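S.K.: Please see the structure below; I have some questions.
Just so it is clear, none of the values below were taken in a lab; they were calculated from the coordinates. No experiment lies behind these values; they were computed from the predicted model shown. FYI the Cβ positions are ideal-geometry reconstructions off the backbone, even for glycines, and counts take in every protein chain you see.
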Amino acid sequence: MISNSRLSNITAPVQHPTTALQIDQLKLSIQGQPILHEISLSLPTSGITALIGPSGAGKSSLLHCINLLQQAWQGEITLHQKSIRQWPGGDEKLRRHIGLVAQKPTVFPTTIYRNVVFGIDGFWQRRNAHAIAEQALRQAALWGEVKDRLHAPAASLSLGQQQRLCLARALAIKPKLLLLDEPTASLDPKSKQLIEQALSQLASHIPLLLVSHNLEQAQRLGEQVIFMCEGKVIEQADCDTFFNHPQRVESKEFLRWAVCECD
Amino acid sequence: MKWTIHPAKLLLTLVALPALLIPALALGYIVYQGGAVISWQFISTSAELSGFGASSGVFSQLAGSLLLAVGACIVATPVALGTALFYQLSNNSRLCHHLELLIYLLQAVPPIVYGLFGLILFVQIFSLGVSLIAGMLVLAMVLLPMLTLNNITSLQRIAIEQTDAARALGLTESALVLRVWLRQSRRELITGQLLAIARALSETAPILFTATVFSGVVWPDSLLSPVTTLQTHIFYLAQEGNHPQSIDVAWGSALVLVITIVLFSLLARALKPSGGNL
């Protein structure tokens with residue numbers, strides 16, 4: 001366990017010339033219990049940012065703050081220089097710009113096709129729903145497996161396929177930012193690989209914030225890493241620097257512990 | 001095969017036996033007594049207006065009971081569903097706590113008290129008179145707590161992940177309600193309606209002095225007309241019937257009523273989603 005005193009000095013966020021998401025001094029308390037402490041970080045306009053840290057660090061809570069599923073926070077979050085609190089059209093419009101894929105695949109009890117187009121809104125998008133669905137399924141590396149059974153129940157898919165369906169559903173709303181909460185945690189190696197390939201391709205278009213407990217995955221996919229512990233951002237750095245030359249004692253401890261755990 | 005009797009199992013069986021045996025005996029007696037009376041003619045014809053209890057036929061009573069029960073359910077459903085949705089949307093708020101307490105309090109009110117309240121409010125103050133609509137409104141009040149709790153339970157069975165997934169896609173509250181909550185809980189909601197109809201069919205006290213009359217009615221002309229029902233028909237035949245055949249007709253009516261209630265309960269059970277409780 002990392003002591004509170006050692007977490008007091010928080011690394012300043014890395015400034016990117018082009019920032020998609022900027023979080024400043026974010027604080028979150030639930031029922032009087034502090035969850036997030038003055039979080040400040042930024043995400044570039046593309047690429048995968050891995051959000052790592054031990055269980056209970058507040059990683060999932062942070063994702064829920066970013067898409068306003070959790071609203072009881074203080075501070076400032078901006079997406080493409082616009083405050084998400086004052087997003088034109090309200091919370092629902094904001095969420096149409098921020099895709100979220102949860103750890104547990106959650107498909108709606110309907111067909112594969114209807115799942116993909118579930119979040120599609122607006123006249124023109126609905127008119128092109130089929131094309132959008134196909135594109136999203138291709139991006140999620142699922143099109144080849146489901147193109148002949150789009151009207152089959154989504155529940156008939158394997159767990160790995162269901163997770164890729166959730167990814168396709170999140171992509172169908174054309175998000176400007178994609179949040180991924182341990183999307184491969186409960187999947188077999190093959191599904192994990194397919195999802196990682198899909199994420200790598202997506203990262204060239206949109207920024208991805210990937211919560212992962214798998215440090216190898218974070219190292220493999222991430223261009224930059226944010227290390228969180230006990231509700232605080234300890235270090236934000238590019239991937240090579242973080243894994244090879246971590247600046248913070250807490251980061252070194254975490255990496256050492258994780259390596260020992262793997263051994 | 002060797003039979004072994006566990007003392008604990010034997011004790012539990014002995015405790016549970018009366019709970020099964022007593023209703024089974026009562027039901028068996030109703031079937032025995034009523035079975036001798038009912039026929040297709042008994043169900044499909046209405047008794048003559050003159051000579052109360054002298055002629056058999058319970059069609060108008062059966063129709064009256066169903067009209068009241070279904071009507072009450074139609075009146076209560078939007079209110080119950082609206083309350084349940086409000087409860088679900090304002091999850092865990094203090095208001096929810098008070099609302100839940102109020103629903104349980106309303107459920108504890110005896111049906112005869114609702115009948116008395118309905119007599120004063122609908123029959124006298126609103127001048128609806130003893131009528132079908134007054135009966136429907138009073139029965140709706142009786143059903144409301146049960147139906148609301150059933151709807152809340154149905155909505156709460158939807159996994160929180162489904163709600164979060166829908167919200168994360170940018171669905172508005174109304175879209176969430178229509179496309180996720182109501183869609184996924186529709187079978188349970190319908191089951192709740194059928195059980196509410198079955199419950200309404202078994203209520204006598206609330207309609208005794210708000211909707212039904214002793215005799216002289218075969219079919220209500222409008223919502224403002226009084227109605228005759230199976231429940232009150234049995235009550236009047238047993239209490240007031242002075243014809244020797246009256247008590248037989250009462251047994252026959254009781255069997256028709258029981259069969260109707262059982263049919264609604266079985267239909268509810270057949271529609272019940274797997275894993276749900278009735």
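S.K.: Alpha carbon centre of region A:199-237 versus region B:112-147: separation in Å?
M.R.: If we compute the Cα centre of each part, the gap is 63 Å.
S.K.: Picking from B:Thr260, B:Thr163, B:Thr191, which is most flexible by a Gaussian network model of chain B using Cα springs under 10 Å?
M.R.: B:Thr163
S.K.: Figure the gain on full extension for B:Gln245 and B:Val31 (residue separation times 0.36 nm, minus the Cα-Cα span) and round it to one decimal in nm.
M.R.: Numbers: separation 214, 0.36 × 214 = 77.04 nm, distance 1.73 nm.
Taking 0.36 nm per residue and subtracting the Cα distance, the gain is 75.3 nm.
S.K.: Using only helices, what value at 222 nm comes out for chain B when you add -39,500 (n - 2.57) per DSSP H run of length 4 or more and divide by the total residues, to the nearest 500 deg cm²/dmol? Before the final figure, lay out the partial values.
M.R.: Working: 12 runs with 187 residues, N = 278.
Calculated mean residue ellipticity at 222 nm is -22000 deg cm²/dmol.
S.K.: I've got another one for you. Expected output is a single nm value to one decimal: the length gained when fully extending between B:Ala19 and B:Ile112, i.e. 0.36 nm times separation in residues minus the C-alpha distance. What is it? All intermediate terms of the calculation are to be shown ahead of the outcome.
M.R.: On the way: separation 93, 0.36 × 93 = 33.48 nm, distance 2.61 nm.
Extending this stretch completely gives an extra 30.9 nm.
S.K.: So, one more: As a test, work out the antiparallel percent of DSSP beta bridges whose residues both lie in the protein assembly as shown, rounded to the nearest 5.
M.R.: Values: 24 of 42 bridges.
Antiparallel: roughly 55 percent of the beta bridges in the protein assembly as shown.
S.K.: Also: With every atom except the alpha carbons ignored, what do you get for Rg and Dmax of region B:1-143, in angstroms?
M.R.: For region B:1-143, the Cα-based Rg and Dmax read 22.9, 72 Å.
S.K.: Right, something else. Can you tell me which lysines have their Cα less than 25 Å from the Cα of A:Lys147? Leave out same-chain residues fewer than eight positions away.
M.R.: Hits, sequence-local ones excluded: A:Lys104, A:Lys174, A:Lys190, A:Lys192.
S.K.: Additional query: Determine the shielding of peptide B:169-176 by partner chains: average, over its residues, the number of Cβ atoms on other chains within 10 angstrom of each Cβ. Display every interim value, and only then the final one.
M.R.: Numbers: counts 15, 17, 6, 5, 2, 0, 4, 1.
Rounded to a whole number, the mean comes out at 6.
S.K.: On to the next question. Efficiency by 1/(1 + (r/R0)^6): what FRET value for A:Lys252 and A:Ser200, r their Cβ-Cβ distance, R0 = 35 Å, to the nearest 0.05? Mind showing how you got there, number by number?
M.R.: Details: r = 28 Å, r/R0 = 0.79.
Working from the Cβ atoms, E equals 0.80.
S.K.: Please give me, ordered by residue number, the trypsin sites (Lys or Arg not before Pro) of region A:141-191 that lie in loop per DSSP and have at most 13 other Cβ atoms within 10 Å.
M.R.: On the way: sites: A:Lys147, A:Arg149, A:Arg164, A:Arg169, A:Lys176, A:Lys190; in loops: A:Lys147, A:Arg149, A:Lys176.
Those that pass, being in a loop and sparsely packed, are A:Lys147, A:Arg149.
S.K.: Now, a different point. Rounded to the nearest 0.05, what FRET efficiency do B:Val213 and A:Ala129 have when you use their Cβ-Cβ distance and R0 = 51 Å?
M.R.: Working from the Cβ atoms, E equals 0.30.
S.K.: Taking the C-alpha atoms of region A:104-174, how large are the radius of gyration and the largest Cα-Cα span, Dmax, in Å?
M.R.: Using the Cα atoms of region A:104-174, the pair Rg, Dmax is 10.8, 32 Å.
S.K.: Here's another thing I want to ask about it. For region A:89-121 and region B:70-86, compute the distance between their C-alpha centroids and round to whole Å.
M.R.: About 30 Å separates the Cα centre of region A:89-121 from the one of region B:70-86.
S.K.: Per residue of A:98-110, what is the mean number of Cβ atoms on other protein chains within 10 angstrom of that residue's Cβ? Don't skip to the answer; put the middle values down first.
M.R.: Numbers: counts 2, 3, 5, 2, 4, 1, 3, 2, 9, 3, 8, 4, 3.
Averaged over the peptide's residues, the number is 4.
S.K.: Which loop-located chymotrypsin sites (Phe, Trp or Tyr not before Pro) does region B:94-123 contain, where loop means any DSSP state but H, G, I, E or B and the Cβ has at most 15 other Cβ atoms within 10 Å?
M.R.: none
S.K.: Report the residue, chosen from B:Pro18, B:Pro226, B:Pro206, that carries the largest GNM mean-square fluctuation when chain B is represented by alpha-carbon nodes joined by springs under 10 Å.
M.R.: Between B:Pro18, B:Pro226, B:Pro206, it is B:Pro18 that shows the largest mean-square fluctuation.
S.K.: Taking a cut-off of 14 Å between Cα atoms, list the aspartates and glutamates near A:Lys232, but don't count ones fewer than 8 places away on the same chain.
M.R.: A:Asp24, A:Glu38, A:Glu250
S.K.: While we're here: Calculate, in nm to one decimal, what B:Glu173 and B:Ile259 gain on full extension: separation in residues at 0.36 nm each, minus their alpha carbon distance. Don't skip to the end; give the middle numbers.
M.R.: Working: separation 86, 0.36 × 86 = 30.96 nm, distance 4.19 nm.
This chain segment gains 26.8 nm when fully extended.
S.K.: Specify which residue in the list B:Thr83, B:Met141, B:Ala238 is farthest towards the positive end of the charge dipole of region B:56-271, using unit charges on the beta carbon of Lys, Arg (+1) and Asp, Glu (-1), about the Cα centre.
M.R.: Final value for the positive-end residue is B:Thr83.
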